Amino acid sequence: MRFWKPVCLTVLLLCLLLLTACGGQTAEETTPSEDAPSAETLEDTGRPAENPEDTGKPAETQEDAVGLFAEMPLSYMFCSGAGAWSTTLDIDETGAFHGVFLDSDMGDSGEGYPAGTRYVCEFSGQFTEPVQEDETTWTMEIAHIELEHPADNAEEFADDARYVYTGPYGLEEAEELRIYLPDTPADSLPEGFVHWIQGPYDWTPTDEGTLGIWGIYNVKEELGFTVYPWV
């Protein structure tokens with residue numbers, strides 16, 4: 001019995017030493033890293049780091065802007081209702097656009113082009129994110145635009161016609177473009193916009209006194225696009 005007492009004490013001492021070592025190692029391994037965000041940081045900001053792509057605008061505003069393009073009709077037209085000219089404009093849900101201006105003059109013919117003269121501009125580009133002005137009006141700008149052919153009145157002959165390349169009529173000199181929703185009060189619309197939609201479409205306000213259709217207005221040039229085909 002005297003022999004077992006020293007042995008038991010030795011084993012017990014070794015066990016205590018092992019437990020102490022393991023406890024120290026666990027505490028060291030679970031120590032939070034200095035680079036990890038603290039609980040206070042996450043509570044204050046709601047995220048561990050600033051998003052480098054953040055535009056500074058509220059998230060709801062950015063979502064509404066992108067959503068507006070998705071809600072808008074695809075095709076628009078600018079024309080007068082008189083003459084054989086028009087500018088068509090297609091916009092996708094990202095704000096990218098493609099359009100064509102076309103004007104035909106059958107009387108302007110000659111040798112080599114008996115079918116007359118056609119003035120053409122094919123273009124594409126990107127609109128900026130719309131910014132809401134009020135409940136029914138948004139504004140945007142042209143971020144960039146490219147022409148299929150330089151607008152230098154260069155001529156080409158094909159299909160018995162003469163083609164003359166011009167600018168994107170309706171978007172030339174465009175700085176601010178307003179988007180009018182169908183619920184826009186008719187009495188708030190500028191005369192320039194009303195002029196361009198009354199001619200070709202015989203437009204009148206709805207019974208509720210609103211625009212009734214989607215529209216895009218070139219403020220500087222006072223030119224108006226409306227949905228196409230118009231209903």
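The values are calculated or read from the model by the stated rules, or taken from the named source; none is laboratory data. Every value quoted in this text rests on a predicted model; they were computed, and no experiment measured them. FYI the Cβ positions are ideal-geometry reconstructions off the backbone, even for glycines, and counts take in every protein chain you see. Just the protein is used for accessible areas: all its heavy atoms, side chains included, with ligands, DNA and RNA removed. Shrake-Rupley method; radii C 1.70, N 1.55, O 1.52, S 1.80 Å.
Residue-by-condition table, conditions (1) among the hydrophobic types (A, V, I, L, M, F, W, C); (2) farther than 17 Å from TRP85 by Cβ:
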{"residue": "ALA154", "(1), (2)": "yes, yes"}
{"residue": "ASP159", "(1), (2)": "no, yes"}
{"residue": "LEU189", "(1), (2)": "yes, yes"}
{"residue": "PRO200", "(1), (2)": "no, no"}
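Taking TYR217, is it hydroxyl-bearing (Ser, Thr, Tyr), part of a strand (DSSP E or B) and in contact with a strand residue (DSSP E or B) (Cβ under 6 Å, 6 or more places away or on another chain)?
The answer is yes for TYR217.
Counting only residues that are touching a strand residue (DSSP E or B) at 6+ places or on another chain (Cβ under 9 Å) and open to solvent by 20 Å² or more (accessible area, probe 1.4 Å), which one in segment 125-135 is nearest to LEU171 (Cα to Cα)?
Ranking the candidates gives GLN126 first.
Conditions: (1) under 18 Å from ASP92 (Cα atoms); (2) touching a Cys at 6+ places or on another chain (Cβ under 8 Å). PHE127 meets all but one. Number of the miss?
Here PHE127 meets the rest and fails (2).
List the number of the failed condition for LEU189; all other conditions in (1) modelled with pLDDT under 95; (2) touching a strand residue (DSSP E or B) at 6+ places or on another chain (Cβ under 8 Å) hold.
(1)
Quick one: VAL219 ticks every box in (1) of a type in the set (Val, Ile, Thr); (2) touching an Asp or Glu at 6+ places or on another chain (Cβ under 6 Å); (3) crowded, with 19+ Cβ neighbours inside 10 Å bar one, so which box is it?
Status for VAL219: all satisfied but (3).
Quick grid of which residues meet (1) more than 14 Å from TYR76 (Cα to Cα); (2) of a type in the set (Ser, Thr, Tyr):
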| position | (1), (2) |
| --- | --- |
| TYR163 | yes, yes |
| GLU175 | yes, no |
| ALA186 | yes, no |
| GLY192 | yes, no |
| PRO200 | no, no |
| THR206 | yes, yes |
| THR210 | yes, yes |
| GLY215 | no, no |
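If you scan segment 69-125, which residues turn out to be touching a helix residue (DSSP H, G or I) at 6+ places or on another chain (Cβ under 6 Å) and either modelled with pLDDT under 95 or charged (D, E, K, R) (or both)?
CYS79, SER80, GLY81, GLU93
Exactly one of these conditions fails for GLU148: (1) closer than 21 Å to ASP90 by Cβ; (2) open to solvent by 90 Å² or more (accessible area, probe 1.4 Å); (3) touching a residue at least 40 places away in the same chain (Cβ under 8 Å). Give me its number.
So GLU148 meets the others, but not (3).
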